[in-house]
Structure formats: structure tokens, C-alpha cells
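Novice: One structure, as C-alpha cells, below. Some questions next.
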Amino acid sequence: MSAQKPSRYGWVIVLLLFLFMLINFADKAVIGLAAAPIMKDLELTPSQFGLVGSSFFFLYAVSGVLTGFVVNRIQTRWALLAMGLIWAVTQFPMAGSIGFTTLIACRVLLGAGEGPAYPVALHSAYKWFPNELRTFPTAMISQGASIGVVLALPGLNYLIVHYSWHWAFAALGVTGLVWALAWLAFGREGTLIETPAPTEGRSFGRIPYRRLLLNPTVLAACASGFGAYWGLSLMIAWLPHYLIKGLGYTQQQAGWLSTLPWACNVFIVIGAGWLSQNLLARGYSSFVARSLIGGGAVALGGIALIVMPHVEAPTLNLALLVLGISLPSVIYVLSPAIVSEFTPVSQRGAMLTIVTAVATSAGLLAPYIMGRVIETGATASEGFHQGFLICGIVSLIGGLVGMAFLRPEAEATRFAAADAAAVATRNRLVNAELAL
């Protein structure tokens with residue numbers, strides 16, 4: 001166990017970061033919720049709307065990586081404040097009359113502001129909690145996304161149905177400004193910034209990024225995250241439209257049904273986070289408590305989506321879709337904790353954002369590919385089912401890779417041994433010079 005003790009104020013930070021992620025995913029999900037009226041008003045084809053969905057991720061990864069290196073050198077509270085302000089400002093143009101180009105530009109800028117959000121939020125929280133106590137706070141922060149969408153979608157859909165989709169974007173802009181003021185008043189920087197001692201099996205020196213990025217565990221974290229995010233990006237961009245065009249629900253019904261995967265996420269992810277932390281406390285390895293649970297959840301989600309297109313009953317079809325998208329979300333909690341086990345704190349912000357950037361690059365492809373598949377399908381329903389089948393295959397492969405190659409203890413031991421060897425070599429050289 002770590003000798004470092006978490007401060008109670010850390011839970012205030014967790015609450016603020018929970019709200020941060022709530023707004024983050026409400027900003028993402030509103031585009032899918034408003035898909036039908038936006039496509040009607042702007043006369044967009046499925047491919048064009050797919051491009052709108054993918055455009056959000058155009059600068060998402062680049063911004064995430066760059067910000068990751070920045071937060072290695074500045075306090076995370078200022079980076080988080082800047083992100084909150086960017087989110088708010090980019091929503092306000094959507095409140096007025098816009099065209100296809102402006103719509104894409106706003107989504108690109110919003111994506112640039114949201115790309116670093118989750119890893120930087122975790123980097124901030126990890127400065128309040130030692131390694132063995134991070135899984136549950138991570139689960140709580142990540143569930144700002146799911147709980148936020150469950151709470152936000154009905155209200156946003158009410159604005160869309162009774163007023164217009166422009167009002168929904170304006171409401172999100174105001175909410176973003178309120179959060180930024182709250183963070184400015186109460187946001188603090190954590191004090192648990194020392195790296196774990198080498199006796200814990202972890203490296204304490206700086207590791208070349210080439211070695212960190214190319215080790216099998218980080219590559220597996222990227223693969224499993226990519227598989228999970230393929231489904232998440234489809235849910236953000238296309239789920240409400242699938243419910244309307246594929247399953248025949250109304251806009252109002254789709255608004256409520258769209259909350260099902262997010263509501264399911266709350267129980268699955270928090271439950272998995274609790275189970276993982278409990279297993280660690282009982283002495284199970286991180287491979288069992290984190291890797292197998294995370295990779296297995298992504299793989300099971302893929303299997304559900306592969307089966308879904310072959311099921312005709314709408315209720316069962318929707319249930320498999322919900323499971324297929326919800327189960328892989330477990331990896332968003334466990335993957336950062338796995339990578340943090342062997343990454344020095346001075347490099348953790350960059351590593352978390354790089355891994356997240358690679359995983360979220362699935363969003364560049366998935367919404368647009370779905371739009372193209374819908375256009376080529378004999379019917380909208382058939383096109384959607386083909387798109388979800390592709391998603392299931394990607395998720396299954398990513399999950400299997402995660403189960404096979406996520407080995408945090410092995411990486412920690414290997415890096416610690418290399419560190420110890422480097423220190424021993426330096427000591428021998430110094431002793432040799434002194435002997436002369």
C-alpha cells in the first residue's frame with residue numbers, strides 16, 4: 001500500500017470533474033439527438049451527416065496529445081478551465097442560423113477543446129489519490145459521461161421537440177460557462193505528485209517515450225480503446241437516428257430510448273470499477289483485476305453487436321445494441337489505471353492523452369463509414385445493421401488483443417529493472433573515476 005494519504009478535498013475535485021465530463025458528453029451527444037431535424041433543415045445526406053459526426057474528431061487526437069505534453073509542465077486546473085471555456089464558446093454559433101460549413105467548423109473546434117478532457121481530468125484526479133485507490137474515483141469521473149447524458153438528453157430533446165435544435169446548443173453553451181466559473185472558484189491542484197518507490201515494482205526514473213509507446217501493454221490499451229470507441233462514436237452520432245429511421249420510433253421516443261446505453265453504463269462501469277478495486281485489495285494481480293475485466297468487456301460487447309443484426313425482434317435488437325455499446329465502456333476506466341502503473345508521474349499526462357488520442361481516432365472513421373453504409377444499403381435499417389456488424393468485429397478484435405497483451409505488472413517490473421541497471425552502471429562509472 002502507498003504511504004501517501006488522499007485528502008478529503010480530493011472528492012470535491014472528483015465531483016467537479018464528474019460535472020466536467022457530464023457537460024463533455026452532453027456536448028458530444030446533442031449532435032446525434034438533433035440528427036433528424038438538422039438533416040432536414042440543412043438538407044444533408046447520410047454521408048454528409050456522417051462527415052459532421054466524424055469532423056468532431058478531426059483535431060480531437062492532435063489536441064489531446066499536445067495538451068498531454070503541456071500538462072506535464074503546467075497545473076491541470078488551468079488546462080481544464082481553458083477547455084471548459086472553449087466548449088461554451090463553440091456552442092453559441094449553433095444557436096443561430098448556420099450552414100453545413102459552419103456546422104462542421106463548430107464541431108471541429110469543439111472536438112479540439114474536448115480531445116484532452118478525459119485524460120487531463122484523470123491526471124488531475126490522480127494527484128489526489130494514490131495508485132491503489134484510483135479505480136473508483138476514475139469510475140466516478142468517467143460516469144459523468146453516462147449520468148450526464150441520461151440527465152441531459154431528455155431536457156435537450158424537449159428543447160428540440162418544442163422549440164428547435166438551436167435552443168439545445170445554446171443551453172449547453174450557458175452550462176459550460178457556469179461550470180467554468182465553478183472550477184475557477186473551487187478547482188485546486190493535488191499534492192500526491194511523487195512517483196512510487198522502486199520497491200513497489202515500478203520505475204522511478206524518466207522513460208524514453210519510444211519505449212513507453214511501443215511496449216505491448218500500451219499498444220494493447222490503444223487497440224482495446226479503439227474497439228470500444230468505435231461503438232461510442234456511433235452511439236453519439238447515429239443512435240437516435242437509428243431509433244427513428246431503423247426501428248420506427250418518434251423523435252420524442254428516441255430522446256428517451258437514447259438514454260438506455262448511458263444508463264446501462266452507469267451500473268456496468270461503476271460496478272466493474274468497484275470489482276476491480278476490490279480484487280486488487282484482496283491481492284489479485286492487476287492483470288486479473290484490470291486487464292481481463294477490461295479486455296473481456298470490450299470483446300463481449302463486440303459479440304453482442306455481431307449477433308444484433310441477425311435478431312428481428314425490435315426489443316431484443318435494442319437490448320443487444322445497448323449491451324454491445326455499454327460493455328466496452330469498462331475499458332475507459334481500467335486502461336488509464338493500467339498505463340499509470342508503470343508510467344512516471346512526470347510523463348503520465350502525456351501518456352494518458354496519447355493512448356486516449358489513438359483510441360478516439362476511431363471516431364474519425366466510424367460515423368462517416370456508417371453514413372456510407374446506410375446510403376448503400378437496400379433500406380436504412382439494413383444499412384444500420386451492416387454498420388453495427390462492422391462495429392462488433394472491430395470491438396471483438398480490440399477486446400481479444402487487450403485480454404492477451406495488457407500486462408501492467410510485467411511492464412512495471414521490466415522498466416524498474418532497466419532503471420536499476422542504469423543506476424548501477426552510473427555508480428560503477430563514478431566509482432571508477434574516483435578510483436583514478
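The values are calculated or read from the model by the stated rules, or taken from the named source; none is laboratory data. Given the structure is predicted, the values throughout are model-derived calculations rather than measurements. Glycine also receives a Cβ, built like all others from the backbone with ideal geometry; neighbour counts cover every protein chain displayed. The area values use the complete protein model at the heavy-atom level, side chains included, leaving out ligands, DNA and RNA. Shrake-Rupley method; radii C 1.70, N 1.55, O 1.52, S 1.80 Å.
Novice: For segment 220-276, give me the residue count where each residue is open to solvent by 40 Å² or more (accessible area, probe 1.4 Å) and assigned to a loop (DSSP other than H, G, I, E, B).
Specialist: Total meeting the criteria: 4.
Novice: A follow-up question, please. So which residues in segment 128-180 are surrounded by fewer than 21 Cβ atoms within 10 Å (Cβ to Cβ), of a type in the set (Val, Ile, Thr) and either in contact with a strand residue (DSSP E or B) (Cβ under 8 Å, 6 or more places away or on another chain) or over 26 Å from LEU257 (Cα atoms) (or both), if there are any at all?
Specialist: If the condition is that a residue be surrounded by fewer than 21 Cβ atoms within 10 Å (Cβ to Cβ), of a type in the set (Val, Ile, Thr) and either in contact with a strand residue (DSSP E or B) (Cβ under 8 Å, 6 or more places away or on another chain) or over 26 Å from LEU257 (Cα atoms) (or both), then VAL178 is the only one that fits.
Novice: If you go through segment 148-201 one residue at a time, how many are of a type outside the set (Gly, Ala, Ser) and modelled with pLDDT under 80?
Specialist: 11
Novice: Right, next: Restricting to segment 115-127, what's the tally of residues that are crowded, with 24+ Cβ neighbours inside 10 Å and either not hydrophobic (A, V, I, L, M, F, W, C) or not in a helix (DSSP H, G or I) (or both)?
Specialist: So the count comes out to 7.
Novice: From the list GLY324, GLY296, GLY301, which one is modelled with pLDDT of 90 or more, in a helix (DSSP H, G or I) and surrounded by fewer than 23 Cβ atoms within 10 Å (Cβ to Cβ)?
Specialist: GLY296
Novice: It is to be established whether one or more residues within segment 71-91 are at pLDDT 85 or above and in contact with a Cys (Cβ under 8 Å, 6 or more places away or on another chain).
Specialist: Yes.
Novice: So, in segment 50-90, exactly how many residues are in contact with an Asp or Glu (Cβ under 7 Å, 6 or more places away or on another chain), polar (S, T, N, Q) and within 27 Å of PRO37 (Cβ to Cβ)?
Specialist: Result for segment 50-90: 0.
Residue by residue, here is whether (1) in contact with a helix residue (DSSP H, G or I) (Cβ under 7 Å, 6 or more places away or on another chain); (2) not in a helix (DSSP H, G or I) holds:
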residue	(1), (2)
GLY113	yes, no
PHE129	yes, yes
THR138	yes, no
SER146	yes, no
VAL150	yes, no
ILE160	yes, no
ALA171	yes, no
ALA185	no, no
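Novice: Let me ask something additional. Here is a list: LEU275, LEU280. Which entry is farther than 23 Å from GLY155 by Cβ, without any contact (Cβ under 8 Å) to a residue 60 or more places away in the chain and out of contact with any Phe, Trp or Tyr (no Cβ under 7 Å at 6 or more places or on another chain)? Please lay out each step first, then the result.
Specialist: Working: LEU280 fails: without any contact (Cβ under 8 Å) to a residue 60 or more places away in the chain.
LEU275 is the lone residue from the list that is farther than 23 Å from GLY155 by Cβ, without any contact (Cβ under 8 Å) to a residue 60 or more places away in the chain and out of contact with any Phe, Trp or Tyr (no Cβ under 7 Å at 6 or more places or on another chain).
Novice: Would you please list the contacts, defined by Cβ atoms under 7 Å and residues six or more apart or on different chains, that run from a residue in segment 8-34 that is more than 16 Å from SER233 (Cα to Cα) and of a type in the set (Phe, Trp, Tyr) to a residue that is open to solvent by 30 Å² or more (accessible area, probe 1.4 Å) and outside any loop (DSSP other than H, G, I, E, B)?
Specialist: Here the result reads PHE18/MET140, each pair linking segment 8-34 to a residue that is open to solvent by 30 Å² or more (accessible area, probe 1.4 Å) and outside any loop (DSSP other than H, G, I, E, B).
Novice: Separate question: ALA366: in a helix (DSSP H, G or I) and surrounded by fewer than 24 Cβ atoms within 10 Å (Cβ to Cβ), yes or no?
Specialist: Values: in a helix (DSSP H, G or I): yes; surrounded by fewer than 24 Cβ atoms within 10 Å (Cβ to Cβ): no.
Considered against the rule, which asks whether it is in a helix (DSSP H, G or I) and surrounded by fewer than 24 Cβ atoms within 10 Å (Cβ to Cβ), ALA366 comes out as no.
Novice: (1) open to solvent by 20 Å² or more (accessible area, probe 1.4 Å); (2) under 28 Å from LEU247 (Cα atoms); (3) of a type in the set (A, V, I, L, M); (4) within 15 Å of the chain's Cα centre (by Cα): which one isn't true of VAL373, the others all being true?
Specialist: That leaves (4) as the condition not met.
Novice: So, in segment 52-74, of the ones that are part of a loop (DSSP other than H, G, I, E, B) and of a type in the set (Phe, Trp, Tyr), which residue ends up farthest from SER346 (Cα to Cα)? Write out each step before concluding.
Specialist: Step one: list which residues in segment 52-74 are part of a loop (DSSP other than H, G, I, E, B), which gives 56-59, 71-74.
Restricting the remaining residues to those that are of a type in the set (Phe, Trp, Tyr) gives 56-58.
Working: PHE56: 29, PHE57: 27, PHE58: 28 Å.
Filtering first and then ranking leaves PHE56.
Novice: Of the numbered conditions (1) open to solvent by 10 Å² or more (accessible area, probe 1.4 Å); (2) of a type in the set (Ser, Thr, Tyr); (3) under 17 Å from the mean Cα position of the chain (by Cα), THR90 fails exactly one; give the number of that condition.
Specialist: (3)
Novice: Need the failing condition index for ARG73 against (1) closer than 21 Å to ILE354 by Cβ; (2) in contact (Cβ under 8 Å) with a residue 24 or more places away in the chain, just the number.
Specialist: If we test ARG73 against (1) closer than 21 Å to ILE354 by Cβ; (2) in contact (Cβ under 8 Å) with a residue 24 or more places away in the chain, just (2) comes out false.
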